[in-house]
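**Q** Sharing a structure, written as structure tokens. Questions coming.
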Amino acid sequence: MTKKCIVLFMPKPSEYGYYRGLPLALMEICKLIDKKKFDVKIVAAHPDFDYKKEAIDAVDENTLLFGVSAMTGYQIKNSIEIIKFVRKKNPNIPIVWGGYHASILPKQTLESAYADIVVIGQGQRTFAELAQALANGKPLDKIRGIGYKCNGKIKINAERELEDVNNFPDIDFSLVDVEKHVIINEDGKRYINLCTSFGCPHRCTFCVEPIIFKRRWLALKPERVLKTMKYLIEKHNIEFFGFNDSNFFVDKERVRKICTEIVKNKWKIQWGDANGRTREMLMYDEKLWKLMAESGCKSILIGAEAGSQEMLELVGKDATVEDTVNFARVTREHNIDVVYSLMVGLPKHPECLKKSEAEKIVMREIRDILEMMDKSLPEKKYHAILLFVYTPYPGNPLFEVSKKCGFKEPKSLEEWADFEIVSNNVPWLSKKAYSAAQQLMDFVFPYACDYYKKKHIRSLGPLHDFFHKTALWRWKHRAFGFQIELSALKAFRWARAKANAFKEKKRSKN
């Protein structure tokens, strides 16, 4: 009997941006799919391949379902774009949505003409049961953790309980061409991304993790993590592992066991881009910090979020400004880089109802952040500082505050597709405040960093040196006006984006 084919698509993160790493979300939900009964075809939007043609060509009369995993924003738009072609080729294929957005807003997602079924929350077992039911022509009403359309009506089934991820098999790397997703990083290392845990036990009010994973942290056992790393080292010569976990460092003994085995096995690797929390990691003992450094830990991403205690309490961070400063000192002592993630433009009801008051709040937020970073980085030597303008994300407590402050939420899947999370989406943020934030986001913090040189073509070195000096000057003097450097960068990025779009369009035609 011919096996049915499951086609899964991972969309682009932004209109002109790509994610070259492994499509882990799609690989993860296939862990319980019976490969003897089903073929699986995963297509990820990749800059070096005509992903549109690849996705459409994968669909035929033998296709069981077409699935997408999408975050709020452009990934929805890119998914709908491909689904339209799929529907044109075969209008009877069930379209299945997964990921954070569909999990948070399942009913609204199903109200779209481009969705037939949604997988809600943890999807490994749910997706396997769904595939089996569709293949056998069985009803879907007994499958926990899905929503679906039935005779024109939307039905949301009972919730599926979260399950220990160690119940599932190891990830199947044969589902994709791994070499296609190996990245050569700035240090020339062969880099690949992994995810070893899911969820987070904390309560940040801007985050969706507490909604999806109920403040639970589900982690693979150390031996499972090490087994996967060993395979990738031996099979693909991986030299750097980037961990996509929402919080890699929750269990310090798990971290200790992983690092101990890396050192014991004498693996000549590095690892990093791992998300952690300042207060949590400041409780690590000195011996563990040394072990982490010895095992190859190169970088940690922390949600520093804000430069004032007032704003940290607003987002439920359960940390202090001093924690960020102390964390910077500890990591500096162990030669571990830090990526600082920060936000401005948070809704502080009722002050944010008045733009004049909101502008004062945002400018104060910016000053507080700069003062905190001055204390954390006295010599201005750092890996990266990421600043974002706050964007309301559906489902969390701060989203409800945002609505009280005048934020108009999109009312359909298609409207969310046009919701650009890197833009100014909040009504209380004035042009002046957003302009100052953008100066920090796109120019000051990136170009004040020496490490940024590695990301630039050598021929642009003199220009970077000039930008580096002016960025440091703007930081020191809190000067955000007359944005000539930022305007030049915007023009360059616009031209580059148009060139990339032309190349993609030309490749699609060929």
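**Q** If amide H atoms are built 1.01 Å from N in the plane of the peptide, which residues on other chains or at least 5 residues away come under 5 Å of the amide H of K41?
**A** When sequence neighbours closer than 5 places are left aside, the close amide H contacts are I6, V7, L8.
**Q** Let me ask you something else. Tell me whether the stretch 4-104 comes out rounded, prolate or oblate; compute the Cα gyration tensor, take square roots of the eigenvalues as a ≥ b ≥ c, and use a/c under 1.5 as the rounded threshold.
**A** Note, shape of the stretch 4-104 comes out rounded.
**Q** Could you tell me the number of lysine pairs in the stretch 113-248 with C-alpha atoms less than 25 Å from each other, where the two lysines are 8 or more residues apart or belong to different chains?
**A** Lysine pair count for the stretch 113-248: 17.
**Q** Give the dimensionless ratio obtained when the Cα radius of gyration of the chain is divided by 2.2 N^0.38 Å.
**A** Working it through for the chain, the quotient is 0.99.
**Q** How many nm is it between the label spots at I484 and E313, if each spot is 7 Å from the Cα in line with the beta carbon?
**A** Each label point lies 7 Å from its Cα, and together they span 4.4 nm.
**Q** How many nm is it between the label spots at L472 and E61, if each spot is 7 Å from the Cα in line with the beta carbon?
**A** Taking the two extended label points, one gets 6.9 nm.
**Q** Non-local amide H neighbours of F419 (under 5 Å, H modeled in plane, Pro and chain starts lacking H): which ones?
**A** G73
**Q** Mind checking the angle between helix 484-509 and the chain's longest principal axis? C-alpha axes, 0 to 90 degrees, to the nearest 10.
**A** With both axes taken from Cα atoms, the answer is about 20 degrees.
**Q** Report the one residue of L65, T205, N244 whose Cα lies farthest in the direction of the positive end of the charge dipole of the chain (charges on C-beta: Lys and Arg +1, Asp and Glu -1; origin at the Cα centre).
**A** Farthest towards the positive pole: L65.
**Q** Can you find, among L24, P91, G145, the residue sitting farthest towards the positive end of the charge dipole of the chain, where Lys and Arg contribute +1 and Asp and Glu -1 at Cβ?
**A** About the Cα centre, the residue reaching furthest to the positive side is P91.
**Q** Which whole-Hz couplings ³J(HN,Hα) result when phi for each residue of the stretch 43-58 is put into the Karplus expression 6.51 cos²θ - 1.76 cosθ + 1.60, θ = phi - 60°, listed in order with x for Gly and Pro?
**A** Coupling constants for the stretch 43-58: 10, 10, 5, 10, x, 8, 9, 7, 5, 5, 5, 4, 5, 5, 5, 6 Hz.
**Q** Can you pull out the trypsin sites (Lys or Arg not before Pro) in the stretch 136-213 that DSSP calls coil and that have at most 13 other Cβ atoms within 10 Å?
**A** K142
**Q** Going 7 Å from the Cα of H236 along its beta-carbon direction, which residues of the stretch 176-207 have the amide nitrogen within less than 12 Å of the resulting point?
**A** Once the point is set 7 Å along Cα→Cβ of H236, 176-184, 190-195 turn out to lie under 12 Å by backbone N, inside the stretch 176-207.
**Q** Let me ask something else. Once the Cβ-Cβ distance between K290 and E111 is put in as r, and R0 is 60 Å, what FRET efficiency do you end up with, to the nearest 0.05?
**A** E(calc), rounded to 0.05, equals 0.65.
**Q** Across the stretch 144-152, in residue order, what do the Karplus-derived ³J(HN,Hα) couplings come to in whole Hz, using 6.51 cos²θ - 1.76 cosθ + 1.60 with θ = phi - 60° and x for Gly and Pro?
**A** Going residue by residue, I get 6, x, 9, x, 7, 9, 9, 6, x Hz, with x marking Gly and Pro.
**Q** Compute from the Cα atoms of the stretch 184-293 the Rg and the Dmax, the latter being the longest Cα-Cα distance, and quote both in angstrom.
**A** When restricted to Cα atoms, the stretch 184-293 yields Rg and Dmax of 14.5, 42 Å.
**Q** Counting only residues 5 or more places away or on other chains, whose amide H sits under 5 Å from the amide H of V338 once H atoms are built in the peptide plane?
**A** Those qualifying (amide H under 5 Å, at least 5 residues apart or on another chain) are I300, H383, A384.
**Q** Assuming R0 = 30 Å, can you tell me the calculated FRET efficiency for the pair D170 and T260, based on Cβ-Cβ distance, to the nearest 0.05?
**A** My answer for the efficiency is 0.90.
**Q** Below 8 Å between Cα atoms, with a sequence gap of 6+, how large is the relative contact order for the chain in percent?
**A** 12 percent
**Q** What's the magnitude of the charge dipole for the stretch 182-297 around its Cα centre, counting Lys and Arg as +1 and Asp and Glu as -1 at the beta-carbon? Answer in Debye, nearest 20.
**A** 420 debye
**Q** Can you give the extra length, in nm with one decimal, that the chain gains between K431 and E15 once fully stretched, where that is 0.36 nm per residue apart less the Cα-Cα distance?
**A** Full-extension gain reported as 147.4 nm.
**Q** Taking a ≥ b ≥ c as the square roots of the Cα gyration tensor eigenvalues, with a/c under 1.5 meaning rounded and otherwise prolate when a/b beats b/c, else oblate, which class fits the stretch 50-177?
**A** Since a/c stays below 1.5, the shape of the stretch 50-177 is classed as rounded.
**Q** Ok, one more. Give me the lysines in straight-line cross-link reach of K77: C-alpha distance below 16 Å, same-chain residues under 8 apart excluded.
**A** Correct list for K77: K12, K52, K411.
**Q** Applying a 10 Å radius around every beta-carbon, put 297-307, 58-68 in order of their mean neighbour count, most first.
**A** 297-307, 58-68
**Q** Moving on. Output ³J(HN,Hα) for the stretch 442-448: one whole-Hz value per residue in order, computed from phi by the Karplus curve 6.51 cos²θ - 1.76 cosθ + 1.60 with θ = phi - 60°, and x for Gly and Pro.
**A** Working through the residues one at a time gives 9, 10, 4, 5, x, 8, 6 Hz.
**Q** For a Förster distance of 25 Å, can you work out the FRET efficiency between the beta-carbons of M283 and S341, rounded to the nearest 0.05?
**A** Once rounded, the FRET efficiency stands at 0.75.
**Q** Let me ask another. List the lysines whose Cα lies under 16 Å from the Cα of K490, skipping any in the same chain that are fewer than 8 positions away.
**A** K498
**Q** Here's a follow-up. Could you give the angle, 0 to 90 degrees to the nearest 10, between helix 461-477's Cα long axis and the longest principal axis of the Cα atoms of the chain?
**A** Its long axis makes an angle of about 70 degrees.
The numbers here are math on the coordinates, done by the rules we state, and not lab data. It should be emphasised that the depicted structure is a prediction, and the values quoted were computed from it without experimental measurement. Glycine gets a Cβ as well: all are built from the backbone with ideal geometry, and neighbour counts include every protein chain shown.
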